[in-house]
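Each remark here refers to the structure printed beneath this line.
The values are calculated or read from the model by the stated rules, or taken from the named source; none is laboratory data. Only a predicted model underlies this, so the values are computations on that prediction, with no experimental measurement involved. All Cβ positions, glycine included, derive from the backbone under ideal geometry; neighbour counts span all protein chains shown. Side chains included, ligands, DNA and RNA excluded: accessible areas come from the protein's heavy atoms. Shrake-Rupley method; radii C 1.70, N 1.55, O 1.52, S 1.80 Å.
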Amino acid sequence: MKQHHHRSHKGHNAIVIVISFLLAALLFPNDAYGSNEAAARRSAAQPLKVIMTVRADPNAQLESHLSINSPIITRALQKVRQERVDQVVLYPDIEILIMQQQGQQKVYRLEKQGNLWDETMHQRIIVTTEAAHQLRRLAELLREQYYGRLIDWNSARELAPRKSIFSITDIASGKSFRVQRRAGSDHADVQPLTKEDSHIMKEIYGGEWSWNRKAVLVHANGQWIAASMNGMPHGGDGIPDNDFSGHFCVHFLGSTTHKSDEPDIAHHLMIHKAAGEVRQYLDNASPTLLAASFVEALDHDEPYLLAQIAVGMPPDKIAGWNDQMPAIRSIRIDKPRKSKSFGVETIDANALNAQVRLQVTLMRQSEQRASYLFHFTRRTTQSRWELVDVTTPTGQ
């Protein structure tokens with residue numbers, strides 16, 4: 001039997017979903033769960049316990065687990081071969097814990113092709129083709145249960161109409177609270193339902209209200225939807241005695257802020273994070289969008305997103321930018337005058353290299369101005385753009 005659950009901090013809105021033996025038989029038809037021969041094989045394979053885990057980033061408190069009870073996978077893991085490789089394509093959010101009867105345990109990453117990756121030894125653990133296929137299918141099943149659906153704003157507004165009550169779960173902390181949608185035509189303007197809901201929301205933001213965007217799951221009308229929220233009370237108030245003066249904003253795919261006709265970059269990064277589709281989103285992004293996303297990751301103190309955006313940058317350079325995050329109280333892109341956005345770079349469609357320069361204002365101990373020059377490359381005109389370096393010509 002496979003068990004999957006979201007683990008929410010302090011038990012708020014915890015979900016338990018049990019995947020039946022019938023589903024196990026559909027996933028593993030060759031395991032013949034009802035036969036005596038299969039029972040004997042399972043008994044012989046008992047020394048290994050395999051647990052698959054998904055979380056949106058390494059620091060997320062919200063996670064889901066799947067205990068794998070497949071003789072095919074267990075036998076494959078007891079007899080593997082290893083090889084050293086320079087590059088691997090991994091699920092960014094999947095870990096596999098293997099525990100032996102003697103108490104020994106080891107954590108691996110899962111490659112997209114279904115083999116395991118030992119990060120500490122830089123080795124690929126090669127399993128059988130059949131086991132790799134099952135691991136991939138289980139990973140996709142677990143991810144589907146964990147993440148929210150990527151639904152556009154026009155559909156989401158129908159699932160959460162005005163005056164409706166729904167819950168919001170923060171992926172980073174795992175905490176959940178209830179809200180009511182009060183208004184909003186470009187996005188949802190919502191308010192915490194009670195004092196307790198406001199208290200939980202403030203805990204999510206570390207005890208201080210903030211405009212920072214957070215990846216969240218909206219549970220409305222029986223569906224889990226990928227969304228992003230900010231945490232600053234503002235504007236009209238409609239629920240008395242809830243310790244929240246005003247409303248806050250929840251964004252869905254394609255929704256916009258009050259001040260722009262274009263989707264907010266930080267909100268859309270968080271929406272795709274909540275949907276488990278950050279990699280796909282960034283793989284299709286232009287150099288300009290990648291550069292702006294890099295700045296937003298710095299501003300929101302998001303090492304995971306920064307690493308995903310800077311996928312082509314050497315690890316030591318990524319580590320250097322991560323080290324700067326705690327000292328940056330805020331950072332924003334300086335928009336050109338008479339423009340609601342930071343502008344769009346014109347890049348030759350046949351170019352394999354590109355540069356984007358952004359003027360930014362940082363707040364550390366004091367306000368500073370800086371110019372960031374982003375260097376991009378791609379292997380072919382059909383390949384994704386990769387950020388390989390960020391320099392500061394002004395010396396900031």
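Among residues of the range 251-310 being closer than 20 Å to residue 170 by Cβ, touching a Phe, Trp or Tyr at 6+ places or on another chain (Cβ under 9 Å) and of a type in the set (Gly, Ala, Ser), the one that is modelled with the lowest pLDDT is 255. Screening the range 90-110 for residues that are hydrophobic (A, V, I, L, M, F, W, C) and either touching a residue at least 40 places away in the same chain (Cβ under 8 Å) or touching a His at 6+ places or on another chain (Cβ under 8 Å) (or both) and picking the one that is farthest from residue 307 (Cα to Cα) gives 99. Counting the residues of the range 66-89 that are open to solvent by 80 Å² or more (accessible area, probe 1.4 Å), of a type in the set (D, E, K, R) and either within 29 Å of residue 305 (Cβ to Cβ) or in contact (Cβ under 8 Å) with a residue 24 or more places away in the chain (or both) gives 4. In the range 90-129, the qualifying residues are those that are charged (D, E, K, R) and open to solvent by less than 80 Å² (accessible area, probe 1.4 Å), and the one that is farthest from residue 77 (Cα to Cα) is 93.
Mind listing just one residue for me: the one in the range 198-232 that is in contact with a Leu (Cβ under 7 Å, 6 or more places away or on another chain) and open to solvent by 10 Å² or more (accessible area, probe 1.4 Å) and, of those, farthest from residue 330 (Cα to Cα)? Residue satisfying both the conditions and the ranking: 221.
Within the range 54-92, the residues that satisfy the criterion of being farther than 17 Å from residue 124 by Cα and of a type in the set (Lys, Arg) are 55, 75.
Taking the listed residues 174, 184, the one that is touching a strand residue (DSSP E or B) at 6+ places or on another chain (Cβ under 9 Å) and under 23 Å from residue 265 (Cα atoms) is 184, with no other qualifying.
Residues in the range 379-396 that are more than 24 Å from the chain's Cα centre (by Cα), over 17 Å from residue 329 (Cα atoms) and of a type outside the set (Gly, Ala, Ser): 379, 380, 381, 382, 391, 392, 393, 394.
Any residue that is in contact with a strand residue (DSSP E or B) (Cβ under 7 Å, 6 or more places away or on another chain), in contact (Cβ under 8 Å) with a residue 40 or more places away in the chain and under 23 Å from residue 62 (Cα atoms) - is there at least one of those in the range 111-131? No, the range 111-131 has no match at all. Taken over the range 358-396, residues that are outside any loop (DSSP other than H, G, I, E, B), surrounded by fewer than 16 Cβ atoms within 10 Å (Cβ to Cβ) and touching a residue at least 24 places away in the same chain (Cβ under 8 Å) amount to 7. Per the listing 279, 364, the residue uniquely farther than 30 Å from residue 94 by Cα and of a type in the set (D, E, K, R) is 364. Selection of the range 134-154 for residues being surrounded by fewer than 16 Cβ atoms within 10 Å (Cβ to Cβ) and without any contact (Cβ under 8 Å) to a residue 40 or more places away in the chain yields 140, 144. Evaluation of residue 195 against the conditions (1) open to solvent by 10 Å² or more (accessible area, probe 1.4 Å); (2) within 23 Å of residue 256 (Cα to Cα) shows that the sole unmet condition is (2).
If you filter the range 233-242 down to residues that are surrounded by 15 or more Cβ atoms within 10 Å (Cβ to Cβ) and touching a Ser or Thr at 6+ places or on another chain (Cβ under 8 Å), you find that the one that is farthest from residue 167 (Cα to Cα) is 233. From the list 185, 164, 176, the lone residue that is farther than 17 Å from residue 275 by Cβ and buried (at least 20 other Cβ atoms within 10 Å of the Cβ) is 176. Hey, could you check the range 265-276 for residues that are in contact with a helix residue (DSSP H, G or I) (Cβ under 9 Å, 6 or more places away or on another chain) and of a type outside the set (A, V, I, L, M, F, W, C) and say which is farthest from residue 57 (Cα to Cα)? Among residues in the range 265-276 that are in contact with a helix residue (DSSP H, G or I) (Cβ under 9 Å, 6 or more places away or on another chain) and of a type outside the set (A, V, I, L, M, F, W, C), the one farthest from residue 57 (Cα to Cα) is 268.
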